[in-house]
Amino acid sequence: MSLVVRDLRVVFDTPKGPVWAVDGVDLEVAPGAVLGLVGESGSGKSVTLRAIARLLHANATVSGEVLWEDEDVLAMPPDRLRRLRGAEIGIVFQEPMAALNPVLTIGLQIDESLEAHTELDTKGRRARALELLDLVGIAAGGARLGQYPHEFSGGMRQRAMIAIALASSPKLLLADDPTTALDVTIQDQILRLLLRLKAELGMGLVLVTHDLGVVAQTCERVAVMYAGRVCEAGPVASVFASPRHAYTQALLRAMPGEGARAGAKLVPIPGQAPRLDRPAQGCAFQPRCTVSESACETRRPSMETDGDRRFACYAEARL
Amino acid sequence: MSIVLQANAVERRFPAPRGLADLLLRRPIRAVHALSGVSIAIEAGETLGVVGESGCGKSTLARCLVRLIAPDAGAVMFEGQDIATLRSSDRLRFNRAVQMVFQDPFASLNPRMTVGAALAEVLRVHNIVPDADIPARVLALLDQVQLPASAAGRYPHAFSGGQRQRIGIARALAMEPRVIIADEPVSALDVSVQAQIVNLFMELQERLGLAIVFITHDLRLVRHMAHRVAVMYLGRVVETGLTHDIFEAPRHPYTRALISAVPSLIPGQARADAVRGELPSPMAPPPGCPFHPRCPIVMPRCASDAPSLINGVSCWAAG
């Protein structure tokens with residue numbers, strides 16, 4: 001495993017009291033593998049991703065273990081962390097316009113990353129920047145390097161972000177819902193680009209998304225999150241075919257279907273998303289679950305392992 | 001079936017914002033071509049899905065249909081009459097009969113009015129029921145959208161996104177409309193809550209015989225709930241027809257591209273190649289067919305002559 005996360009917890013200290021955003025998450029990413037981290041808003045998927053790269057604000061208390069090639073990221077000194085971020089682990093954010101610097105040209109922003117993480121000279125960095133733009137499918141790279149982010153379309157900005165993240169050939173790319181702001185035909189292009197890069201460069205990929213379709217089409221393994229916890233994890237094909245957590249099953253049934261299922265009534269999940277400032281004693285999904293039993297209310301189900309599947313649900317056998 | 005609401009060759013342009021440089025250099029005023037001759041018809045009791053990516057004009061169309069903006073050319077017809085010519089009682093009747101549900105339930109509710117007061121205002125201003133019956137009708141409306149009676153005394157901030165969208169729907173229903181124009185009504189909601197609102201729309205339609213224009217970028221939703229579909233691209237309808245026909249046998253290359261770009265929920269399904277290129281700017285739509293720069297089956301004539309919508313498809317290659 002290149003990345004191992006064990007019992008990761010993130011508590012935000014807010015004026016209204018603590019918020020338990022991530023509450024004991026375990027993840028593993030093998031070198032060159034694609035893990036999908038899927039969940040609805042507030043499930044803790046983005047916070048998990050940011051905690052792995054230690055990008056959270058000072059009001060977050062992070063505990064547990066994040067092991068990158070057996071090295072503890074949470075205990076890394078600042079200079080080692082600088083070399084890790086960018087050089088070994090690249091990050092692509094959700095809103096490229098918010099993540100790019102609006103007053104620097106794209107060329108300068110790629111150059112910054114190359115200067116920090118490679119030994120190349122000025123000429124070499126420019127050649128590498130052109131190579132990177134070509135790699136992410138931006139044509140006429142020479143002219144594009146001199147342009148500012150506002151001169152790029154949404155899809156092109158996301159490509160530029162990916163180029164910056166790839167500047168130092170990272171071994172792992174963390175992507176935080178990189179296509180959520182994009183139109184569906186552009187989303188398709190970006191997801192295919194990520195998969196091609198993964199195959200060509202042999203890097204691992206952690207893809208945070210709220211879209212089960214994106215997971216089905218791009219990921220090998222998936223971890224489904226709810227209320228700051230992983231409720232189920234395993235290979236995408238088997239999780240989608242036979243979910244072993246009540247929430248995963250409910251989420252799949254709430255999606256508008258295809259083919260024969262189109263037009264049939266959706267099965268909504270009753271109720272509202274849980275509050276993270278008042279963690280439940282039992283299973284966080286219990287108040288909305290249609291197959292819960294009395295134990296779900298009082299005792300939090302622990303993670304069971306069966307072959308390559310993991311799940312934390314008392315009702316698993318009845319799904 | 002009878003047509004209740006119809007758009008006939010509707011055109012709408014917006015002047016583009018001008019910067020200081022545009023003024024100093026005396027550049028001509030440019031226009032965004034939001035709608036370039038759009039015709040659609042909605043029959044009583046049916047759902048028409050309008051799909052397209054950003055900039056295709058779908059929201060402008062919604063606003064034209066409810067007379068929030070007037071078309072530059074063409075006409076919107078309600079029960080056979082041009083709505084621009086409606087006066088006094090006819091206009092009031094139109095205003096009641098055609099109601100809009102907005103995308104953002106946070107922005108479309110008055111934060112300083114309780115839900116009960118907001119609904120009562122609609123009933124009073126439009127004399128829907130005698131004053132004495134207003135409180136009972138408010139409760140009936142809340143019940144219709146499956147909110148508890150206690151909701152009447154609370155303010156919008158006390159509700160979640162899904163509940164706020166229910167309030168928005170209740171407000172539209174207060175007018176006893178025949179047509180509801182819903183502009184991306186579930187795009188801001190999580191999948192689990194989205195299914196609740198989609199089911200609510202379908203139930204209300206069954207019960208009240210409403211015609212619904214469902215505007216969205218989400219093809220899965222359209223496939224699920226629309227009887228007929230209009231696919232828009234850069235201010236034009238490029239294909240229209242029965243939902244089943246559009247999804248099983250799309251005839252326009254853009255429709256095909258759009259459908260294959262939606263990530264399927266079935267893992268590992270083989271997909272067609274991604275459509276190339278970016279969405280062109282509606283400020284400078286390409287000449288000829290608006291899709292020709294991205295079209296996989298483009299012919300020389302596509303670059304100069306714009307095909308018109310014949311037998312439900314606007315493509316030179318269809319036939």
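Read the figures in this text as sums done on the coordinates, not as results from a lab. Everything quoted here is computed from the prediction, not taken from an experiment. Because the Cβ atoms are built from the backbone with ideal geometry, glycine has one as well, and the counts that use them run over all protein chains shown.
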Practice item. Check the stretch A:192-201 and report whether any residue there is within 12 Å of chain B (Cβ to nearest Cβ), assigned to a helix (DSSP H, G or I) and on the phi > 0 side of the Ramachandran plot. Key: no
Practice item. Mind listing just one residue for me: the one in the stretch A:43-83 that is in a loop (DSSP other than H, G, I, E, B) and over 21 Å from A:PRO178 (Cβ atoms) and, of those, farthest from the chain's Cα centre (by Cα)? Key: A:PRO77
Revision key, fill the gap. Here the residues within the stretch A:156-183 that are over 10 Å from A:VAL136 (Cβ atoms), within 14 Å of chain B (Cβ to nearest Cβ) and surrounded by fewer than 24 Cβ atoms within 10 Å (Cβ to Cβ) are A:ARG157, A:ASP177, A:THR180, A:ALA181, A:LEU182, A:ASP183
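Evaluate the following for A:SER153: is it surrounded by fewer than 21 Cβ atoms within 10 Å (Cβ to Cβ) and within 14 Å of another protein chain (Cβ to nearest Cβ)? First the steps, then the outcome.
On the way: surrounded by fewer than 21 Cβ atoms within 10 Å (Cβ to Cβ): yes; within 14 Å of another protein chain (Cβ to nearest Cβ): yes.
In short, yes.
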**Study point:** Subset of the stretch B:137-171 that is more than 22 Å from B:VAL198 (Cβ to Cβ) and in a loop (DSSP other than H, G, I, E, B) - its residue that is farthest from the chain's Cα centre (by Cα)
**Key:** B:ARG154
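Given B:GLY153, B:GLY80, which one is surrounded by fewer than 20 Cβ atoms within 10 Å (Cβ to Cβ), more than 14 Å from chain A (Cβ to nearest Cβ), on the phi > 0 side of the Ramachandran plot and of a type outside the set (S, T, N, Q)?
Numbers: B:GLY153 fails: on the phi > 0 side of the Ramachandran plot.
The conditions single out B:GLY80.
Could you please let me know if A:LEU145 is within 21 Å of A:VAL34 (Cα to Cα) and more than 14 Å from every other protein chain (Cβ to nearest Cβ)? Give the steps one after another, and end with the answer.
Working: within 21 Å of A:VAL34 (Cα to Cα): no; more than 14 Å from every other protein chain (Cβ to nearest Cβ): yes.
So A:LEU145 fails the test.
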**Study point:** Any chance A:PRO170 is under 14 Å from A:LYS198 (Cα atoms), of a type outside the set (Asp, Glu) and outside any helix (DSSP H, G or I)
**Key:** yes
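Identify all residues within the stretch A:11-26 that are under 27 Å from B:PRO267 (Cα atoms) and in contact with a Leu (Cβ under 7 Å, 6 or more places away or on another chain); write none if there are none.
Just the residues of the stretch A:11-26 that are under 27 Å from B:PRO267 (Cα atoms), to begin with: A:25-26.
Correct list: A:VAL25 only.
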**Study point:** the stretch A:274-303, subset basic (Lys, Arg) and under 22 Å from A:SER41 (Cα atoms), residue surrounded by the fewest Cβ atoms within 10 Å (Cβ to Cβ)
**Key:** A:ARG278
Point to revise | Of residues in the stretch A:304-319 being under 26 Å from the mean Cα position of the chain (by Cα) and not charged (D, E, K, R), the one surrounded by the fewest Cβ atoms within 10 Å (Cβ to Cβ) | key: A:GLY307
